[in-house]
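Report on the structure given below.
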Amino acid sequence: MSQKHFSSFIFASLLLVFATFSAQAEPVINQPAPLFSAATADGKTLNLADLHGKTVILEWTNHECPFVKKHYESGNIPNLQKQAAAQGVVWLQIISSAAGKQGFVDGETAKKVNAERGATPANTVFDPEGTIGKLYAATNTPQFFIINPEGVLLYKGAIDSIPSADQTDIAKAENYISEALVELAAGKSISKNTTKPYGCTVKYAS
Amino acid sequence: MTMKILHVLFIALLMGSMSFTTQAADSFAATDQVKVQLIASVDGVHSGDEILVGVQQLIIPHWHTYWKNSGDSGLPTTIDYELPKGATVSDILWPVPEHITLGPVTNYGYSHEVILLSKLKIPSDAVIGSAFAVKAKVKWLVCKEECIPQEADLQLDLPVLSAGVEGGHGSPLIANALAALPLDSPWQFSLHAKGEQLLLNAKGLAQRATFIKKIQFYPDEWGKVVHSAAQIQSVDGDSLQLQLKSGDAPLTQDAVLSGILAVTKETGNGSITRGYSVTVPLTAAPVSDSKDTAADLVLSSALLLALLGGLILNLMPCVFPVLSIKALSLIQHADKDPLHTRLHGWAYTAGIQLSFLLLGVLLIALKSGGAEIGWGFQFQSPLFVLLVAYLMFAVGLSLSGVFTIGGSIMGVGSNLANRSGYSGSFFTGVLASIVATPCTAPFMGAALGFALTQPPLIQIAVLQSLGFGLALPYLLLSHWPSLQRRLPKPGLWMERLKQGFAFPMYAASVWLVWVLAQQAGINAVAVALAGMVAIAFAAWLYEATKLSATTARFSGASVASVFLLVALLGGIVAINTLAATAQPDNVVSHDQHWEAYSAARLKELRAAGKPVFVNFTAAWCISCLVNEKVALSQQTVIDTFKNGGITYLKGDWTNRDAEITHILADFDRSGVPLYLFYPAGTAEKPVILPQILTPEIVTQTVSAIQAVAVINQ
């Protein structure tokens, strides 16, 4: 090991040391989004790091939650999923419901539920331990996070501006996800990057 | 005729259906979970009156509805009043909510019963003798684990009375509802920002602190304050201070924080909670505002603590051998050339200071715009653990004499005597900085916590002070011939000692591999050990061929490099994969005298007024493990906990854990260990114990505080 290599090794180590000093408790906008790896509905394992190079939308969901139903039955989320897919954005549903709690499903059921409601996410990620949910401090279903191709968190919050379980409010509301997709497609930054999420509490194993 | 009958029938039907709708819009309605009732403060109204109307919700056990700020999830109840023309109604006057937690999620709402009042102004042209119809469309979300949105249409008809006729007492529930509303605060509030914290001061509240069981601030709006963050209290003179954590939509300077301060007092028969309205602008902290919290240090003491922390770092099991070897090399130089010796001391110091400067700059860069650091730098990185394990092992091999770097890189490894290159000393300093960092040494916690909330220059100053503390012993030795003379005479024993010091290094790498096992599972251990074999082989090959002919030396060095590369890259790739899939296993030992920490459990125990001892620890933190072994696992301590009815909670921070990071930040710490003791009953802030524990420190602190708590009650 030459002196130069040794120095760069030391430098790398120091970087790592400092990664520990600067750790944040929750994901912060314009900071690297936490990585995870978990089982998916198609029976495989998804590693977020593998999606480096693509914009990723994380949608915390629970198909039995009335707020989630509002946005699926109205076609709002299915439309957003199509809009995302059309511009090459990877849409991941994440289910953090613990085993036996509302919204907890197996891969087959997840696929069936999505087929029934015309949903076309890129994949569904299972997080029954709540590890990913807690990593992102996800509290609601639905709740959204948008990560850019470099792995940096760009958005966290609600689907739209009117917190209610009433489908008729969707048309009146400002749709934050749709706006974000438009802004991203135009190469702009997301103007409202943090909004108040609303919905059902994520059913963590408590 | 038939036409007439049909006509009459039609009218009858119409009237029938009309009366049916009136009945449906009753003043009562019920779902499976909630009974709602529209009530008023009077039985009849006069034109121009201001009355109170409200909706009572009776909620079945375990379910709840929400306050105007529902917290992390949920939805506030809404009431849309439809009133005769000219009448006006106020927003809901919200009673003091409850704090409801579900796992990591905090909600503000109501269980069992709540009455949501509004003020209603009757128009001055209300016709005497007519019915004043109050219609209310009530929408609410009721949740237990699952949530159900519900709504009801309610109607209450109040006769419009002529002046002089008594309006009556209305619903008896109104009085209860008024009693549950927040009061104007008798205390003067002020609000200052400190890093990520918001410090809410209530002047005058502390005088009554002994009767107070619990204090909770409920912010009116989402995003101003992190709902789930612990609200740490402290007392400064007659002010009581609550430490809140700034949320996702933080307050700007002079913006107003509003909410309710709920104060629960202990009385003869049970506890009573009263809410007080808070409306306070965020202002700059007064200059003279020196606080009494342990971590709120003034710069000079932070620097001093950092210096002390640095000094103590020298005694860390991994650092000590490195330094002792370095110190021993002085013996050789001592008599020959004092200047030479001093320059070595300064080169070593420079190595350390530069490392810490680099750390400081990186820290600031990370804090100010971490995006450029990029993808993959993870908290409590197993990769870092692996690399340090390798480094320790390599240093150990070098001490054992398996290889010596011909040049001058590792001042520790090669022959001690003829060390002319100052770069050797310099890199020993760098090495010492690295091996010292995995664990927060005593005194460092508070100093680093302080540093992280300060402007860049102060951060760097604190880190530099820490580094100087680390460098100081050797620097002094190099400058003080009389100290050098106290060192024993050189001889073969030095070589033996050097070889002996290899073993703490091996032990350190064993410990790191054990940490790795906790983080990334058993396969990571295999990867790490295989990597070490490769490193050992590379070292041996390098050494064996070092003095051979050029070709042999070249091929030896190349093969050695390949092996080293395999060890490093293979380790990095494998550990990243393994760590991502590793599941933390919660092995519970049969004689365990502690419980796993969770914010909810702590809250529950505190709410019950039980004393709690909290230990935040991590497998990679050596002082944590030592404290657990020599103090917290001792029978005297276990007995003290048991006899005092103290619950011992242990929070494991080995891997990233947002909940614990939160708590640490609440105490201005950036790392473990952190020991907290919450005495029984009172709502006082916890006592922070020192970072080095003995059984006596724990038992005496606990007993003393328990005694005080009893007196105060």
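Only the coordinates and a few stated rules stand behind these numbers; no lab work does. As the structure is a prediction and not an experimental result, all values here were calculated from the model. Neighbour counts are summed over all protein chains in view; Cβ atoms, including those assigned to glycine, are modelled from backbone coordinates with ideal geometry.
With 10 angstrom as the radius, rank B:Arg342, B:Arg496 by how many other C-beta atoms surround their C-beta, starting from the fewest. Mind showing how you got there, number by number?
Numbers: B:Arg342 15, B:Arg496 10.
Lowest to highest Cβ neighbour count: B:Arg496, B:Arg342.
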At what distance in angstrom do the alpha carbon centres of region A:145-173 and region B:133-147 lie from each other?
24 Å
Relative contact order for region B:498-560: what is it in percent, counting Cα pairs under 8 Å that are at least 6 residues apart?
20 percent
Ranked by GNM mean-square fluctuation in chain A (Cα springs under 10 Å), the top entry among A:Thr141, A:Thr124, A:Thr40 is A:Thr40
Rounded to whole Å, √(5λ) for the Cα gyration tensor eigenvalues of region A:27-201, largest first, gives 21, 20, 15
Taking only Cα atoms and a 10 Å spring cutoff, compute GNM fluctuations for chain A and point out the largest among A:Ser161, A:Ser189, A:Ser97.
A:Ser189
For region B:90-98, what does the Karplus curve 6.51 cos²θ - 1.76 cosθ + 1.60, with θ = phi - 60°, yield as ³J(HN,Hα) per residue in whole Hz, taken in order and with x for Gly and Pro?
7, 5, 5, 8, 7, x, 4, x, 10
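Just tell me how shielded A:190-203 is by partners: mean number of partner chain Cβ atoms within 10 Å of each residue's Cβ, no decimals. Could you put the intermediate results ahead of the total?
Numbers: counts 0, 0, 0, 1, 5, 4, 9, 4, 7, 5, 10, 18, 6, 5.
Other-chain Cβ atoms within 10 Å of each residue's Cβ, averaged: 5.
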Taking a crude spin-label model, label points 7 Å out from Cα along the C-beta direction, the B:Ala549 to B:His479 distance in nm is 5.4 nm
Please give the Cα centre distance for region B:151-169 versus region B:222-238, rounded to the nearest Å.
44 Å
Project the alpha carbons of region B:188-281 onto their principal axes and report the range along each, largest first, in whole Å.
42, 26, 20
Which of the pairs B:Lys203/B:Lys224; A:Lys192/B:Lys265; A:Lys101/B:Lys135; A:Lys111/B:Lys245; B:Lys224/B:Lys685 have their Cα atoms more than 32 Å apart in this structure?
A:Lys192/B:Lys265; A:Lys101/B:Lys135; A:Lys111/B:Lys245
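How about region B:92-170: which GluC sites (Glu not before Pro) there lie in a loop by DSSP and see at most 10 other Cβ atoms within 10 Å? Don't skip to the answer; put the middle values down first.
Values: sites: B:Glu98, B:Glu113, B:Glu145, B:Glu146, B:Glu151, B:Glu166; in loops: B:Glu145, B:Glu146, B:Glu166.
Those satisfying the criteria are B:Glu166.
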Can you list the aspartates and glutamates whose alpha carbon is less than 13 Å from that of B:Lys35, not counting same-chain residues fewer than 8 positions off?
B:Asp26, B:Glu113, B:Glu151, B:Asp153
Based on the Cβ-Cβ distance from B:Val630 to B:Ala557, what FRET efficiency comes out when R0 is 51 Å, to the nearest 0.05?
0.65
Can you tell which of A:His71, A:Ile95, A:Thr194 lies farthest toward the positive end of the dipole of region A:27-201, using +1 and -1 charges on the Cβ of basic and acidic side chains (Lys, Arg; Asp, Glu)?
A:Thr194
Quick one: compute the contact order of region A:27-201, relative version, from alpha carbon pairs under 8 angstrom and 6+ residues apart, as a percent.
29 percent
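Given chain A, what percent of its DSSP beta bridges are antiparallel, to the nearest 5? Walk me through the numbers before you get to the answer.
Numbers: 17 of 27 bridges.
Counting only bridges with both partners in chain A, antiparallel ones make up about 65 percent.
Considering just Cα atoms, how many Å³ per residue does the convex hull of region A:111-206 enclose?
Details: hull volume 12.8 nm³, N = 96.
Considering the Cα atoms of region A:111-206, their hull volume per residue is 134 Å³.
With a Förster radius of 35 Å, plug the Cβ-Cβ distance of B:Ala175 and A:Ala99 into 1/(1 + (r/R0)^6) and report the FRET value to the nearest 0.05.
Working: r = 47 Å, r/R0 = 1.35.
Here the calculated transfer efficiency is 0.15.
Which whole number gives the average, over all residues in B:217-224, of C-beta atoms from other chains lying within 10 Å of the residue C-beta? Don't jump to the answer; show the numbers that get you there.
On the way: counts 0, 0, 0, 0, 1, 5, 4, 0.
Taking all residues of B:217-224 together, the mean is 1.
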